[in-house]
1. Quick one: length gained pulling Glu245 to Glu144 fully straight, 0.36 nm per residue minus the C-alpha distance?
2. Would you compute, for the Cα atoms of the range 100-233, the largest minus smallest coordinate along each principal axis and list the three values in descending order, in whole Å?
3. Taking only Cα atoms of the range 191-264, what ratio of Rg to Rh do you get with Rh as the Kirkwood inverse-distance radius?
4. Please compute the length gained on full extension between Asp176 and Tyr219, using 0.36 nm multiplied by the number of residues separating them and subtracting their Cα-Cα distance.
5. When all C-alpha to C-alpha distances in the range 93-149 are sorted into bins of 5 Å, what percent of pairs does each bin hold, rounded to whole numbers?
6. For the chain, what does the helix formula give at 222 nm: sum of -39500 (n - 2.57) over DSSP H segments with n ≥ 4, over the residue count, nearest 500 deg cm²/dmol?
7. Can you give the extra length, in nm with one decimal, that the chain gains between His14 and Thr188 once fully stretched, where that is 0.36 nm per residue apart less the Cα-Cα distance?
8. Using only Cα atoms, figure out Rg for the chain and give it as a multiple of 2.2 N^0.38 Å.
Amino acid sequence: MNLDGIVLQNYIYHFLREMDNNYSFAGKTVMFLHTTPVLDNSRAILKLGAEKVYFVNAEFKHQTEENGKITALNEKTLNLIEDNSVDLILGLEILEHINNLKNFFSEIKRVLKKGGKAELRGYPVWTNPLGHHIWLTGKYIYYEDTNPFKPWEHLTYSDKTETRNALLQKGINEDDAYEIARWIYDKTEISRHTPTEIIKAATNRNREKADGGINYTRYGIFEEYKLKNFAITAKRTCNRFKENEFFELAKEKYNEDDLKTDVLTITLSKE
């Protein structure tokens, strides 16, 4: 979609519009974390009224644009941002790509100003029923109608050999079955963190220590935590898949709420 001459992917456009409506970018220093290193995303945030934008992506090193109003960084160069200097932190498609969660949330808390907000949204990869991000590029896209695995089935195999053999039994050719299994178990992009592990890294607490309890509503599952200087809410949006035999098997290893979580949103307020 078009924003004052800047072309954005539709879902990014709608996310930025939603965040501006919820928090207002006007006059603020905004940090945006996203998996696609397209600087027009940060230019759009300036167009929406932000004073300065830090754009964080793994492919960036350190560069400035727009007369210093945009600074591009990666997670290893976040130490260049001063303490308590960012008004608003936004993350889209980010939580499922962080390997060192403890350090990540420590940096988020460090740079956020008193009174600032952070909203970080992710789509859990490993415990998602379809195994988001598990595919063979150009051949099999793992949506519901093209995934060779049934929902949660990938979670019932313990290693590369079991996964490859299951794919072979489903009629996937040997080369493709090997590549899919290698992608899952050998490549580093897949984060195996569960939603519960992500929330624990953000709050430094086990789930049963949620101050506001665990609340199940028609809009999702909410957990509220009160920490020193921070209030944190974790919202799980749950998927529409019906439970099956693989769900029951996966429950032997994973939290049931994790298996049902399709989208995880963590909101931090610095007090």
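None of the figures in this text is laboratory data; all of them are computed from the coordinates on show. On a predicted model such as this, the values are computed, not experimentally measured, just so you know. When we count neighbours, we look across all protein chains shown, and the Cβ atoms used for this are built from the backbone with ideal geometry, even at glycine.
1. That pair, Glu245 and Glu144, stretches by 34.7 nm at full extension.
2. Its Cα atoms span 55, 32, 24 Å along the three principal axes.
3. Rg divided by Rh gives 0.99.
4. So the extension gain works out to 11.6 nm.
5. 4, 15, 19, 18, 13, 9, 9, 7, 4, 1
6. Helix contribution divided over all residues of the chain: -8000 deg cm²/dmol.
7. 59.7 nm
8. 1.07
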